[in-house]
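Below is one structure, written out as structure tokens; comments come after it.
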Amino acid sequence: MTKKTRPVDRRHVLRLIGAIAVYGATALQFLGGFAKRASGSVAAKASAAGSFPTASYDWTKHRWGFGVDATRCIGCLSCVTACKTENGVSMDPHHFRTWVERYVYLEGEERPRVDSQADAGDIAASSGSVDAYRFDDRDDRNVEKAFFVPKLCNHCANPPCVQVCPVGATFRTADGVVLIDQDYCIGCRYCVQACPYGSRSFNEALGVADKCTWCYHRITKGLKPACVEACPVGARIFGDLDDPQSDISQFIRVNRVNVLKPEMGTHPSVYYVGINRDVR
């Protein structure tokens with residue numbers, strides 16, 4: 001018996017051709033991004049030369065780390081102002097590279113209420129300037145405990161943002177810093193969604209992803225990140241993890257430190273003191 005064949009539907013053929021065109025273009029963009037990364041990017045050239053971002057800095061001789069002492073933070077937001085000023089981040093409440101959260105435990109409640117500078121709804125910004133930010137007032141008579149937690153990119157050793165970037169625009173340097181090559185970023189925002197710490201935002205004006213860089217342009221010149229220098233109480237600590245005498249090495253050595261979301265397997269390079277399991 002001869003097997004009957006279904007007549008070809010012209011509409012199905014057109015849909016198939018359209019799908020091939022769309023996915024083919026995506027594949028070419030994907031492969032093209034990696035080709036650019038391999039042959040033309042600043043990071044690739046620097047990697048081949050053994051240094052980045054300049055010939056005078058050897059990124060193979062450093063392993064940067066960051067510390068946060070939540071027992072010292074007073075929520076003044078000086079770090080946020082310094083970061084925005086240093087890195088040209090918009091002063092409106094929707095853009096940030098670092099931010100501060102307040103955890104408030106009220107009487108009779110087991111879970112904290114979290115005021116986050118990352119949530120514009122929690123912040124009163126009457127003038128639209130970071131200097132006008134203030135945490136919402138609460139009745140102090142009902143507060144059992146409260147503390148502030150500065151947050152920023154964790155510069156993970158196993159960063160999900162790098163894994164999902166389709167064009168290699170996000171990469172991890174030899175000295176442990178996760179950066180974005182904005183010349184190659186296509187604005188897909190996959191990295192923004194992949195970050196389990198909410199540390200990435202999107203720059204609408206440039207059409208690219210944005211994040212904390214630990215002020216890479218400063219630390220490669222022997223300076224500290226702007227937020228570290230601006231903190232009036234020493235709640236932010238930075239240094240070379242491979243140097244046992246550095247500030248960060250001593251901070252980790254004399255304190256019982258924690259990292260955020262260790263179960264994610266990202267191996268963060270930001271170490272905290274003074275937080276509990278409610279801080280995520």
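Laboratory data are not the source of any read-out in this text; all were calculated from the coordinates shown. Everything quoted here is computed from the prediction, not taken from an experiment. A quick note on method: Cβ atoms are made from the backbone with ideal geometry, for glycine too, and the neighbour counts reach across all protein chains shown.
Show me 223-230, 68-75 ranked by packing, highest mean number of other Cβ atoms within 10 Å first.
Order by mean packing, descending: 223-230, 68-75.
Report the calculated FRET efficiency for Ser90 and Val233 (r = Cβ-Cβ distance, R0 = 35 Å), to the nearest 0.05.
0.85
Return the subset of Lys211/Lys261; Lys61/Lys224; Lys61/Lys211; Lys145/Lys224 for which the Cα-Cα distance in this structure is over 28 Å, preserving the input order.
Listed pairs above 28 Å: Lys145/Lys224.
Find how much the distance from Glu144 to Thr60 grows on full extension, using 0.36 nm per residue of separation minus their present alpha carbon separation; answer in nm with one decimal.
25.5 nm is the gain from fully extending Glu144 to Thr60.
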